[in-house]
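Everything below concerns the one structure shown next.
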Amino acid sequence: MLDLPATQQWHPWQSFLARLADHEGASVDHVVVGFFERPRSYTAEDVVEIACHGSPVVLRYAVERCAAMGARLAEPGEFTLRAYLNGRIDLPRAEAVRDLIESTTLYQARVAAQQAEGAVSKRVAPLKERLLELIALLEAGIDFADNDVDFASAADIAARLEPLQAGIAKLASSFAYGKLVHSGFTLAIVGRPNVGKSSLFNRLLEQDRAIVTAIPGTTRDTVSETASLFGIPVKFVDTAGIREGTDAVETLGIERSLQAMADADLALTVLDLSAELTAEDESLIGKARGLVAGNKSDLARRCRYDGPMVEVSALTGEGIDELRAAIGRAIGVAETREAGFITSLRHEGLLRESIEALDNARRAVDFGIPHEMLLLDLYAALRPIDAITGATTADDILNRIFSTFCIGK
């Protein structure tokens, strides 16, 4: 299948130029072959990589030839699974690889890359270490109770629990931002007909996606498009103008507009600054309970709205940057954020479970519950953390006991 020059020998961590041949020995492609010797490979196993040119025909043929010689196609995620099972990466890093592959914006990719390098693991590890130290302390007190040594008072245990609870709670709360980064959010643009919703929709997208005319009621259905805002995917939804429908089609479009407004994470109500404020405008602002944008700021102003509003011109682009910033603030998006926030719903649920167990432990301390019972709550707090980082064995606890305390000399 592959022909290396006679003068070349296989060596790990070196690349070789080889010839990919067909069944009759004719050249199909010239490829680059690399050999990665265990454990210094992605999976911690021996790995051979073949880099072909980008032709789908050549790539398919190379795979078919490998399969014919005894190889098999990898299962979904198998290489990352092997890396995890062989101890090459931990579970948060493995999950970050999936997020990196699924990322749709550069910021999402950067966050996933940070997590793949251990950003989340580095925040969880010291919290788990504190919990293990407390467990080891109480286990030692139980194991050596006959020595009449007081290993941990109630005040000491409470003092150790407080920063542990605070640290895990802070990490769990970071999911509010992490969810935005991972899943994005939906913004519905609503307003009366002809206030410039579609023009504003196109300006925010920086492309002509929606049809724009001077005829009121041009948009009869919702139009959606996804774009990046501060690196976070935002689904912008342009809606039909909301008024009393003049026909069945427009009425159906208005109903869909109201539904889109209800389903969106944030609603942007658009007013026409060149027209008088109407009762319909005020009613819509009250229903939407979101941001208000005053469009057509390039024209003479007649609108008398005194509430918070961002003035923009979809025609000239004036105020669009300020509107983007206001949308970011309203949804909780930050242009800069500390690394290590969690983006996984699974992680958030496990951290909340750990917090609940620690709350039970704190109440047990306050009521003077014996340490044997208190340990049940601490182990209940450890299990969800283990589900994130990997299991803790009994040997881990024992090693901490006998490395921390000078007992049995």
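The table for this structure:
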quantity	calculated
Share of pairwise Cα separations in segment 2-80, more than 16 Å, in percent	58
Compactness of segment 18-155 as Cα Rg over 2.2 N^0.38 Å, two decimals	1.70
Exceeding the 21 Å Cα-Cα cut-off - candidates K179/K287; K197/K287; K122/K170; K122/K235; K197/K296	K179/K287; K122/K235
Segments 263-273, 102-112, 73-83 sorted - mean Cβ within 10 Å per residue, highest first	263-273, 102-112, 73-83
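All of the numbers you see were taken from the coordinates with simple rules; none came from a lab. These numbers were taken from a predicted model, which means no experiment stands behind them. A quick note on method: Cβ atoms are made from the backbone with ideal geometry, for glycine too, and the neighbour counts reach across all protein chains shown.
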